[in-house]
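Enquirer: Please find one structure pasted underneath; my questions will follow.
The values are calculated or read from the model by the stated rules, or taken from the named source; none is laboratory data. Being a predicted model, the structure only gives us computed values, none of them experimental. Backbone-built Cβ (ideal geometry, glycine too); neighbour counts: all protein chains shown.
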Amino acid sequence: MTGQADGQFDVVVIGAGLVGLSAAMALLAAQPSLRVAVLEKEQAVGAHQSGHNSGVIHAGLYYKPGSLKATFCREGRQAMIEFAQAHQIPYRLAGKLVVATHAGELGRLAGLADRGRANGLAVRELGPDEIAEIEPGVRGVRALHIPESGVIDYRLVAAAYAKVVTGHGGAVRCGHGVRGLVRERAGWAVTTGAGSRDMMDSLRFPGLRRLARAYAGTGAREIWRDLMKPAFLADMRRYVPAIRASDVRFGPSGIRAQCLSRSGVLVDDFLIEESAGIIHVLNAPSPAATASIVIGRHIASRVAAHTGR
């Protein structure tokens, strides 16, 4: 497979987020002689979902046992910690509390506990006094403590991935939005240009319109809660009663991209498909940041079948 973007490459990766950069990193680790380019339409790496997420190193509590999410998250958490240690990226394994504030939530909490244990986590169930020992300001009738969860700055991780790629001879080219792909005898010709806006394509997609109709009320309530500080505080006080308006300030928006079917149903698991000479990462929502190193290795193993090396 050959790409052309101010040069000739064996593999072109479109998108310099965590998954794209980790795929390039894994490709160069497995095949150092490959000519690899990562093309990014923005002026910096990790400018979208990778730089606008929760910053959580996920443990794998929420994912269906046996799914790609569960498997990749478990392996990816350890790989992320090892990468952070090797590249002096600060992180903290602080653990996580999942809190039920009333009896009506206990059934869902028990289901999460079963799922977490099925995914190999050291789930501990806590009563009100034990909750207060870990987080004195939090109130609830019962909670799960997940010690494997942590926090990290994924913008620093993305920058470190890019540094590894270029250090191993790869190219990371920001400001190179891909505008076209043309199949040629020797491979693919890639046309690049300045970054493009994707909103109109999204609005024309029938699945988005169906999703919007189905969840119009939910979306409106969330927008109201996020824009109106009293509404947001009321929601937070279910868990932290003592929180005050002065404790809260507006911050940047998070981004959680997720594949949507034409029927308006969100695709839940990671989705990676292939066509002639191309591997498409169609769905990589949370915990893709945590699992990015493992996802990259998985993609690299599939690319090897195309490069013949």
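Enquirer: Of the residues that sit in segment 164-193 and are assigned to a helix (DSSP H, G or I) and in contact (Cβ under 8 Å) with a residue 40 or more places away in the chain, which one is farthest from residue 35 (Cα to Cα)?
Expert: Of the residues in segment 164-193, the ones assigned to a helix (DSSP H, G or I) are 164-167.
Narrowing the set further to residues that are in contact (Cβ under 8 Å) with a residue 40 or more places away in the chain leaves 164-165.
Working: 164: 14, 165: 11 Å.
That would be 164.
Enquirer: Sticking with this one: Determine whether segment 242-261 contains at least one residue that is of a type in the set (Lys, Arg) and surrounded by 11 or more Cβ atoms within 10 Å (Cβ to Cβ). Don't jump to the end; show me each part of the working.
Expert: Step one: filter segment 242-261 for residues of a type in the set (Lys, Arg), giving 244, 249, 256.
Then drop every residue that is not surrounded by 11 or more Cβ atoms within 10 Å (Cβ to Cβ), which leaves 256.
Within segment 242-261, one or more residues are of a type in the set (Lys, Arg) and surrounded by 11 or more Cβ atoms within 10 Å (Cβ to Cβ).
Enquirer: Follow-up question, since we're still on this one. I'm trying to understand the selection: among the residues of segment 236-269, which are among the aliphatic types (A, V, I, L, M) and assigned to a loop (DSSP other than H, G, I, E, B)? Before you say what the answer is, go through the steps one by one.
Expert: Going residue by residue through segment 236-269, those that are among the aliphatic types (A, V, I, L, M) are 236, 240, 242-243, 245, 248, 255, 257, 260, 265-267.
The answer is 240, 242, 243, 248, 255, 257, 265, 267.
Enquirer: Ok, one more. If the requirement is being assigned by TED's automatic domain parsing to the domain that holds residue 177, touching a helix residue (DSSP H, G or I) at 6+ places or on another chain (Cβ under 8 Å), closer than 24 Å to residue 182 by Cα and not charged (D, E, K, R), which of these qualifies: 38, 12, 45, 56? Show your work before the answer.
Expert: Details: 12 fails: touching a helix residue (DSSP H, G or I) at 6+ places or on another chain (Cβ under 8 Å); 45 fails: closer than 24 Å to residue 182 by Cα; 56 fails: closer than 24 Å to residue 182 by Cα.
Going through 38, 12, 45, 56 in turn, just one is assigned by TED's automatic domain parsing to the domain that holds residue 177, touching a helix residue (DSSP H, G or I) at 6+ places or on another chain (Cβ under 8 Å), closer than 24 Å to residue 182 by Cα and not charged (D, E, K, R): 38.
Enquirer: Next up: So which residues in segment 239-264 are in contact (Cβ under 8 Å) with a residue 24 or more places away in the chain and more than 30 Å from residue 210 (Cα to Cα), if there are any at all?
Expert: Answer for segment 239-264, where residues must be in contact (Cβ under 8 Å) with a residue 24 or more places away in the chain and more than 30 Å from residue 210 (Cα to Cα): 239, 240, 241, 242, 243.
Enquirer: Looking only at residues in segment 262-309 that are touching a helix residue (DSSP H, G or I) at 6+ places or on another chain (Cβ under 7 Å) and among the polar types (S, T, N, Q), which one is surrounded by the fewest Cβ atoms within 10 Å (Cβ to Cβ)?
Expert: Per the criteria, the residue is 263.
Enquirer: What are the residues in segment 44-58 that are touching a residue at least 40 places away in the same chain (Cβ under 8 Å) and part of a loop (DSSP other than H, G, I, E, B), if any?
Expert: The answer is 44, 45, 46, 48, 52, 53, 54, 55, 58.
Enquirer: A further question on this structure: Looking at segment 60-85 only, could you name the residues that are small (Gly, Ala, Ser), over 14 Å from residue 18 (Cβ atoms) and surrounded by 21 or more Cβ atoms within 10 Å (Cβ to Cβ)? Lay out the reasoning, then the answer.
Expert: Of all residues in segment 60-85, those small (Gly, Ala, Ser) come to 60, 66-67, 70, 76, 79, 84.
Next, only the ones that are over 14 Å from residue 18 (Cβ atoms) stay: 60, 66-67, 70.
Once the filter is applied, which keeps residues that are small (Gly, Ala, Ser), over 14 Å from residue 18 (Cβ atoms) and surrounded by 21 or more Cβ atoms within 10 Å (Cβ to Cβ), segment 60-85 yields 60, 70.
Enquirer: Scan segment 95-118 and report the pairs whose first residue is among the aromatic types (Phe, Trp, Tyr) and whose second residue is surrounded by 15 or more Cβ atoms within 10 Å (Cβ to Cβ), with Cβ atoms within less than 6 Å and a gap of 6+ or a chain change.
Expert: none
Enquirer: Do we have any residue at all in segment 277-298 that's in the same structural domain as residue 78 (by TED's automatic domain parsing), within 28 Å of residue 84 (Cβ to Cβ), more than 17 Å from the chain's Cα centre (by Cα) and not basic (Lys, Arg)?
Expert: yes
Enquirer: Among the numbered criteria (1) assigned to a loop (DSSP other than H, G, I, E, B); (2) modelled with pLDDT of 95 or more; (3) loosely packed, with under 14 Cβ neighbours inside 10 Å; (4) touching a strand residue (DSSP E or B) at 6+ places or on another chain (Cβ under 8 Å), which single criterion is violated by residue 88?
Expert: (4)
Enquirer: Hey, another quick one. Taking residue 206 as meeting all but one of (1) closer than 28 Å to residue 265 by Cα; (2) modelled with pLDDT of 75 or more; (3) surrounded by 12 or more Cβ atoms within 10 Å (Cβ to Cβ); (4) of a type outside the set (Lys, Arg), write down the number of the exception.
Expert: (2)
Enquirer: Filter segment 113-154 down to residues that are aliphatic (A, V, I, L, M), surrounded by fewer than 17 Cβ atoms within 10 Å (Cβ to Cβ) and under 30 Å from residue 82 (Cβ atoms) and give me whichever is nearest to the chain's Cα centre (by Cα).
Expert: If we take residues in segment 113-154 being aliphatic (A, V, I, L, M), surrounded by fewer than 17 Cβ atoms within 10 Å (Cβ to Cβ) and under 30 Å from residue 82 (Cβ atoms), then 151 is nearest to the chain's Cα centre (by Cα).
Enquirer: Moving on to the next point. Pairs only if they're at least six apart or on different chains, beta carbon under 9 angstrom, first in segment 271-290 and on the phi > 0 side of the Ramachandran plot, second hydrophobic (A, V, I, L, M, F, W, C) and surrounded by 16 or more Cβ atoms within 10 Å (Cβ to Cβ); list them, first residue then second.
Expert: Note: pairs meeting the criteria are 277/1; 277/188.
Enquirer: Further, regarding this structure: Starting from residues that are farther than 16 Å from residue 42 by Cβ, surrounded by fewer than 19 Cβ atoms within 10 Å (Cβ to Cβ) and among the aliphatic types (A, V, I, L, M), keep the ones in segment 172-197 and report whichever is modelled with the lowest pLDDT.
Expert: 186
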